[in-house]
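Everything on this sheet refers to the single structure shown next.
The values are calculated or read from the model by the stated rules, or taken from the named source; none is laboratory data. Remember, it's a predicted structure, so these values are computed and weren't measured experimentally. Neighbour counts are summed over all protein chains in view; Cβ atoms, including those assigned to glycine, are modelled from backbone coordinates with ideal geometry.
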Amino acid sequence: MRILITGITGFVGSHLTEWALSRGADVIGALRWRSNTEHIEHLRDRLTLIQSELREQSSARDLVERARPDYIVHLAAQSFVGASWQTPAETLMTNAIGQMNLFEAIRQLGSAARFLVIGSSEEYGLVEPDELPIRETNPLRPLSPYAVSKVTQDLMGFQYFKSYGLDIVRARAFHHTGPRRSDNFSTSTFARQIVEIEAGLREPVVVAGDLKPVRDFSDVRDIVRGYWDLLEHGTAGEVYNLCSGVDWTIERMLTFLISQSSVPGIEIRTDAARLRPSDVPVLRGSYEKIERAVGWRPRIPLEQTLTDLLDYWRQRIRRPAP
């Protein structure tokens, strides 16, 4: 079994690579020439890596032709919601055009590869209280440029399935975190700041944005297991939520992380620069459909995930020698 993973050097890509290798797959990774390979260095001798620029049609076609995959998981993306407000055109180009070029490569080459579209709970956007928990049939009301780009990818997957019969399955992953998460994201920036406080590298203050949003978080290791289950058993053309079904406020997650620190009296301070023009107030999903279809459900409690995230940063950040 050959699997092509775009964005292999990233947070989710590296975890999916570990899972695929554990399942006996031959893993081919697509990366850009300037990609930081830190997350996959421990796997480097077990991978085939191909440089590619997915926003160029010829490069995407060359990638698929060389990889000859049975499965494709398209993780390469501009994945930070906050950055999409500053670079909306770049976000749409990277996320939508890159995927379209891969679809065209599959179509033109006559590849039978199964393609997993990586969507997001951000697609649901504005959710009314009586629409919770969120199911795949909920309306899509995106509230950020990033969310619009993911809706585009999602519906493009359905269109290419219906128009050309490509073997495409769609996933809408809710928020997920864990070791290796970039500190551009809330849970990881909180964890890094707390560890820097423990190491004496900053004052005992954690800087945060809006703490009121309610989110459904899963462990990244559960999410990649779900992606694999969909590759093996998902129904072509269908879309599946991957989520925990449990919601936490951002404030609750930060408070839990602080409670795991050895430093007493850590203060929380709001930074207006971290606030967004609009945000989704509540996201809580239902994993009923994917559980019914392939037997997947989350296993790792968020408390364990957040503890592992703190330990990841503790391994990276050391107290300076006196």
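Quick grid of which residues meet (1) under 30 Å from Tyr312 (Cα atoms); (2) in the same structural domain as Glu232 (by TED's automatic domain parsing); (3) crowded, with 18+ Cβ neighbours inside 10 Å:
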residue: Asp130; (1), (2), (3): no, yes, no
residue: Glu136; (1), (2), (3): no, yes, no
residue: Leu140; (1), (2), (3): no, yes, no
residue: Ser149; (1), (2), (3): no, yes, yes
residue: Asp154; (1), (2), (3): no, yes, yes
residue: Ala171; (1), (2), (3): yes, yes, yes
residue: Ser188; (1), (2), (3): yes, no, yes
residue: Arg192; (1), (2), (3): yes, no, yes
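Based on this model, can you work out whether Arg44 counts as free of Cβ contacts under 8 Å to residues at least 60 places away in the same chain and more than 21 Å from Leu231 (Cβ to Cβ)?
It is true that Arg44 is free of Cβ contacts under 8 Å to residues at least 60 places away in the same chain and more than 21 Å from Leu231 (Cβ to Cβ).
Being out of contact with any strand residue (DSSP E or B) (no Cβ under 7 Å at 6 or more places or on another chain) and modelled with pLDDT of 95 or more is a property that Leu92 lacks. Within the range 257-286, the set of residues being over 22 Å from the mean Cα position of the chain (by Cα) and either at pLDDT 95 or above or over 28 Å from Val148 (Cα atoms) (or both) comprises Ile258, Ser259, Gln260, Ser261, Ser262, Val263, Pro264, Gly265, Ile266, Glu267, Ile268, Arg269.
Selection over the range 114-163 of residues that are closer than 21 Å to Gly245 by Cβ, out of contact with any strand residue (DSSP E or B) (no Cβ under 7 Å at 6 or more places or on another chain) and outside any loop (DSSP other than H, G, I, E, B) gives a count of 4. Among the residues in the range 215-225, are any farther than 27 Å from Arg23 by Cβ, surrounded by 14 or more Cβ atoms within 10 Å (Cβ to Cβ) and in contact (Cβ under 8 Å) with a residue 12 or more places away in the chain? Yes. Taking (1) surrounded by fewer than 22 Cβ atoms within 10 Å (Cβ to Cβ); (2) in a helix (DSSP H, G or I); (3) in contact with a strand residue (DSSP E or B) (Cβ under 9 Å, 6 or more places away or on another chain); (4) of a type in the set (S, T, N, Q) in turn, Ser111 satisfies each apart from (2).
Here are some residues: Thr91, Thr87. Which one is farther than 30 Å from Gln315 by Cα, of a type in the set (Val, Ile, Thr) and touching a Ser or Thr at 6+ places or on another chain (Cβ under 6 Å)? Working first, answer last.
Numbers: Thr87 fails: touching a Ser or Thr at 6+ places or on another chain (Cβ under 6 Å).
Of Thr91, Thr87, the one residue that is farther than 30 Å from Gln315 by Cα, of a type in the set (Val, Ile, Thr) and touching a Ser or Thr at 6+ places or on another chain (Cβ under 6 Å) is Thr91.
For the range 294-317, how many residues meet the condition of being of a type in the set (Lys, Arg) and within 19 Å of the chain's Cα centre (by Cα)?
The number of residues fulfilling the criteria is 2.
Where helices (runs of 4 or more DSSP H) fall entirely within the range 1-107, those with at least 2 residues that are more than 30 Å from Gly209 (Cβ to Cβ) are at 11-22, 57-67.
For the range 186-214, what are the residues that are hydrophobic (A, V, I, L, M, F, W, C), under 18 Å from Ile250 (Cα atoms) and in a loop (DSSP other than H, G, I, E, B)? Selection gives Leu211 alone.
Scanning the range 54-93 for residues that are within 20 Å of the chain's Cα centre (by Cα) and of a type in the set (Asp, Glu) yields one hit, Glu90.
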